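Visitor: Dumping the structure here so I can ask a few things about it.
The values are calculated or read from the model by the stated rules, or taken from the named source; none is laboratory data. These figures come from a predicted structure and were not determined experimentally. Cβ placement follows ideal geometry from the backbone for every residue including glycine, while neighbour counts extend to all protein chains displayed.
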Amino acid sequence: MRMRRHKVKVICFGLVVAAVIFYLEPLQPRFEGLTVRQWIERNADRREFPRREVVEYFGVSAVPVLVRELQPSGLFQFTLTFERATGKSWLNGLQPADFDRRMACVDWAKRLLAIDPGVFGRMVAKTSDNEEALEIARLFYGEHYLRETLLVFARQNTNAQLQARATQLLQYYREMI
């Protein structure tokens, strides 16, 4: 019985530590006390464009977080599934928060692109994973302009490495659809 209580305490302690690490992100870089994810949440909650100095501070290191946060949350997916299965839209009130968070990521990417126009090319050239590169392209240019964006980069003549990578991604994108 004593061993069982000890195991329960250890499990509870582990869950608390995991929650603290997830929400407080103690090892992540901070600007004015907030991490990239926390800045995204703040911008989404306040529906404000990210501050230039914040975007400059984090620079390209924010892109992986932006790509991850751009994805629809599990809660958003659940509300859609619930609505499709039941025909009821009771949980739709949860969707705007997810939309605001994703739009905050897009706003951040736009600001970063305005500050550093070459960031997209460097990020795409750096990753060899085609799916990840397409997600970066979606972040910076949106789903509706993805094909056109890749075409423009594939046809440009100033950066041969980016041209080759964009051509490769365009082929991969065409195979996906």
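Visitor: Could you tell me which residue of region 86-106 is modelled with the lowest pLDDT, considering only residues that are charged (D, E, K, R) and surrounded by 18 or more Cβ atoms within 10 Å (Cβ to Cβ)?
Guide: 98
Visitor: Going by the structure shown, is residue 138 within 27 Å of residue 48 (Cα to Cα) and either modelled with pLDDT of 90 or more or outside any helix (DSSP H, G or I) (or both)?
Guide: yes
Visitor: Any residue at all in region 105-120 that is closer than 15 Å to residue 71 by Cβ and not aliphatic (A, V, I, L, M)?
Guide: Yes: one or more hits.
Visitor: Residue check: is residue 125 in contact (Cβ under 8 Å) with a residue 40 or more places away in the chain and in contact with a Pro (Cβ under 9 Å, 6 or more places away or on another chain)?
Guide: No, not satisfied.
Visitor: Out of 165, 138, report the one residue that is of a type in the set (D, E, K, R) and closer than 25 Å to residue 101 by Cβ.
Guide: Just one listed residue meets the conditions, 138.
Visitor: Go through region 121-135 and count every residue that is in a helix (DSSP H, G or I) and either touching a strand residue (DSSP E or B) at 6+ places or on another chain (Cβ under 8 Å) or over 10 Å from residue 165 (Cβ atoms) (or both).
Guide: 6
Visitor: Follow-up question, since we're still on this one. For a quick check of your reading of the model, give me the residue pairs whose first member lies in region 130-148 and is among the basic types (Lys, Arg), whose second is surrounded by 15 or more Cβ atoms within 10 Å (Cβ to Cβ), with beta-carbon atoms closer than 7 Å and at least 6 apart or on different chains.
Guide: Going by the 7 Å Cβ cut-off, the qualifying pairs are 138/146; 147/173.
Visitor: I would also like to ask the following. What number of residues within region 155-177 are surrounded by 13 or more Cβ atoms within 10 Å (Cβ to Cβ) and touching a residue at least 24 places away in the same chain (Cβ under 8 Å)?
Guide: 8
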